[in-house]
Amino acid sequence: MKNVISDDKIRDFRDLINSNSNFVYQIYKNKGGKNLFNLVCSCLDWITVSVRHLENAPELDKNIDTKSMQVYSLISSIDLISESIKQLHRVFVNENNIPFLGEKKCFNERLFSNEDDNEYFKTIRACFGAHPVNLNQSKSKRFASWPFESHINSSDLCVHLYSRDINEEDLLLNVNINELLKFLVIRYDYLDVISDRIESLFSKYRKDLSDQMIETKSDPLEQLYILRNESKKRLDNDYYNREIDDLIMIFEAEVTDPELVQIADNYKESLLPLIEEIKSNLQVMNIVDLENDSIVRVRSNLGGQLNYELSKFYSWVYGDRDDPLLSYYFERFNEVTKGKFNFTSCDEINLTFLKAKLMLAE
């Protein structure tokens with residue numbers, strides 16, 4: 001069993017789910033009023049648990065009792081993977097059906113010939129451990145016997161299915177480990193089909209939004225208001241949202257100090273390429289790190305000197321609570337800049353934020 005499947009596939013699938021600017025999360029966290037992303041996460045977790053269990057499962061024991069429970073553990077792990085694959089199929093491929101419906105590829109000499117692979121696996125699961133004392137088979141109530149090894153066929157384990165009806169013949173159900181593993185591999189490999197489907201969905205999503213032109217405004221602040229709405233529509237990326245919100249604070253700030261007006265105007269002008277880059281990236285749905293990121297414009301060595309004060313200051317800016325030490329941070333800013341920017345609690349928060357950016361850009 002150790003070499004039958006590998007967790008590489010589910011690890012790659014998890015990476016895909018978390019890639020493309022969290023496309024899956026953004027689309028499926030509220031799909032028709034249902035949080036299907038939670039379902040996806042549950043499937044990923046239980047497939048991972050089951051695959052890693054199977055990778056590390058010991059060889060079947062010679063003791064029949066231990067072997068029986070090992071086989072039941074194998075069947076349960078396969079069932080977890082199979083059910084998770086069905087759910088992922090419903091989320092990404094088709095919510096109205098299940099994969100492999102009607103297929104009869106995995107089990108030879110099946111006791112119930114009318115059952116497809118999905119149904120027959122459920123029969124094996126029920127009889128070999130899930131609920132062997134409460135079965136409904138062949139139109140009668142039945143109960144599975146103690147598992148035993150057959151000496152007349154190639155099966156790995158067998159059970160008799162006793163009937164509740166008097167004079168009803170027992171049935172013999174065999175299980176073959178290789179057939180179970182074939183059933184497992186076919187379903188685990190279906191992750192490749194689902195992966196292709198997700199890639200296709202993302203490509204279509206990108207194209208549809210790329211075809212919707214973002215309105216262009218000559219005024220930077222008006223353009224930023226538009227970009228804020230467009231960013232929410234286009235994957236709602238936290239990084240882009242924060243950059244846009246920071247830029248809005250900067251361009252909303254009105255500088256009245258004559259000595260700072262030109263400095264502020266020059267700084268705002270230096271941000272225009274960043275606004276254009278954000279717009280261009282959102283337009284083509286290329287949500288990548290920004291080359292003109294505002295962090296690049298921190299040219300002062302004050303960032304290190306005021307590391308503690310700045311971290312607390314930004315927590316105040318982005319948070320929703322007052323900081324009793326805010327006046328101290330302003331005193332430190334004024335001290336190291338010799339009062340050039342005149343930090344004061346009387347200023348609006350966006351003006352204070354702009355002053356901090358000007359201080360660090362010198």
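Here, each number is a calculation from the coordinates, and none is a lab measurement. Just so you know, these numbers come straight off a predicted model, no measurement behind them. Backbone-built Cβ (ideal geometry, glycine too); neighbour counts: all protein chains shown.
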For this session: Measure of size requested: the Rg and Dmax of the chain, with Cα atoms as the atom set and Å as the unit; please supply both.
Result: 31.6, 104
Problem set entry | Computed lengthening from N38 to E149, 0.36 nm per intervening residue step minus Cα-Cα distance | 35.8 nm
Problem set entry | Given charges at beta-carbon only (K, R positive; D, E negative), |dipole| of the chain in Debye | 960 debye
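Rounded to a whole number, what is D in µm²/s for the stretch 220-361 from Stokes-Einstein with the Kirkwood radius over alpha-carbon pairs (37 °C, 0.692 mPa s)?
Translational diffusion coefficient: 206 µm²/s.
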Exercise. What FRET efficiency do you get for K207 and M69 if R0 is 51 Å and r is their Cβ-Cβ distance, rounded to the nearest 0.05?
Worked result: 0.50
For this session: Work from the charge dipole of the chain (Cβ charges, +1 for Lys and Arg, -1 for Asp and Glu, about the Cα centre) and give the residue of S163, F330, Y240 farthest towards its positive end.
Result: S163
Problem set entry | Karplus-derived HN-Hα couplings along the stretch 156-164 (A = 6.51, B = -1.76, C = 1.60, θ = phi - 60°), whole Hz, x at Gly and Pro | 8, 8, 9, 9, 8, 9, 6, 9, 6
Problem set entry | Coordinate range along principal axes, alpha carbons of the stretch 135-288, Å, largest first | 103, 26, 25
For this session: Enter the angle in degrees (range 0 to 90, nearest 10) between the Cα long axis of helix 349-361 and the first principal axis of the Cα atoms of the chain, meaning the one along which they spread out most.
Result: 80 degrees
Exercise. Residue-wise, which Karplus ³J(HN,Hα) couplings in Hz belong to the stretch 331-347, taking 6.51 cos²θ - 1.76 cosθ + 1.60, θ = phi - 60°, and x for glycine or proline?
Worked result: 4, 5, 4, 5, 5, 6, 9, 6, x, 4, 9, 6, 5, 8, 6, 6, 6
Problem set entry | Folded to 0 to 90 degrees: helix 177-210 orientation relative to the chain principal axis, Cα | 30 degrees
Seminar exercise, completed: With only helices counted (DSSP H, runs n ≥ 4, each -39500 (n - 2.57)), the per-residue ellipticity at 222 nm for the chain, to the nearest 500, works out to -18000 deg cm²/dmol
Seminar exercise, completed: Ranked from fewest to most other Cβ atoms within 10 Å of their own Cβ, L271, L326 fall in the order L326, L271
Exercise. So what's the angle, to the nearest 10 degrees on a 0 to 90 scale, between helix 64-92 and the longest Cα principal axis of the chain?
Worked result: 50 degrees
Exercise. Tell me, what does the Kirkwood hydrodynamic radius of the stretch 124-204 come to in angstroms if you use every pair of distinct C-alpha atoms?
Worked result: 15.2 Å
For this session: Could you please tell me the mean projected area of the C-alpha convex hull for the stretch 305-362, averaged over all directions and given in square nanometres to one decimal?
Result: 3.7 nm²
Problem set entry | Signed unit charges on C-beta, dipole axis of the stretch 220-361, positive-most listed residue Y314, P220, T344 | Y314
